[in-house]
1. Could you tell me which residue out of Phe22, Ser48, Pro37 lies farthest along the dipole of the range 2-115 toward its positive end? Charges go on the beta carbon: Lys and Arg +1, Asp and Glu -1, centred on the Cα centre.
2. Rg (Å, one decimal) plus Dmax (Å, integer) for the alpha carbons of the range 1-54?
3. Taking R0 as 41 Å, what's the FRET efficiency between Lys3 and Leu113 from their Cβ-Cβ distance, rounded to 0.05?
4. For the range 2-115, what mean projected area does the convex hull of the alpha carbons give, in nm²?
5. Could you name the aspartates and glutamates in cross-link range of Lys7, using Cα to Cα under 19 Å and dropping any fewer than eight places away on the same chain?
6. Count charges around Asp29 for me, please; just the other residues with Cβ under 13 Å from its Cβ, Lys/Arg as +1, Asp/Glu as -1.
Amino acid sequence: MLKTKEKELIEELKRLRLERGFTYQEIADKTEENDEPVSLSTIKLVFSDRDTHQHDYKRVLKPIANVLLPFEDDKTESQIVQTILDYKNEIIRQLQERIDKKESRYRLQIQSLEEDNKLFVLRIPRLST
């Protein structure tokens, strides 16, 4: 699901790049100016038709979006912002799912340890004084 959201975001970025007429070099230069540098080769990879890479949101996709986002058209801006929100929400959902799985495993481990501890306590002979 995350891969799908990433693809949607990249498609929106591709559309914006073409709409605004940015070259890859201009995007690279602007990310550098914004103190969020993304290399030219990475930018070319993001905008390529290859679907084999997963791009880091904070270090790659967000800086590119920050270059392409300043526009006058509220409709276009709201579309890209919604795509970014959907992408982030999917990341959060997947992280929460992983946390829930880990919590469940830890609870089972604790329960098992508590049961082992009870058995251990029952096996210890009492010393008479």
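What follows draws every value from the coordinates through simple rules; no lab data is involved. Since the structure is predicted, the reported quantities are computational estimates derived from the model, not experimental observations. Heads up, the Cβs are rebuilt from the backbone with ideal geometry, glycines too, and the neighbour counts pull from every protein chain shown.
1. Ser48
2. Computed over the Cα atoms of the range 1-54, radius of gyration and Dmax are 11.5, 33 Å.
3. After rounding to 0.05, the efficiency reads 0.60.
4. Taking the Cα atoms of the range 2-115, their convex hull projects to 9.1 nm² on average.
5. Here the aspartates and glutamates satisfying the reach criterion relative to Lys7 are Glu19, Asp49, Asp51, Asp56, Glu77, Asp86, Glu90.
6. Around Asp29, the charge tally is -4.
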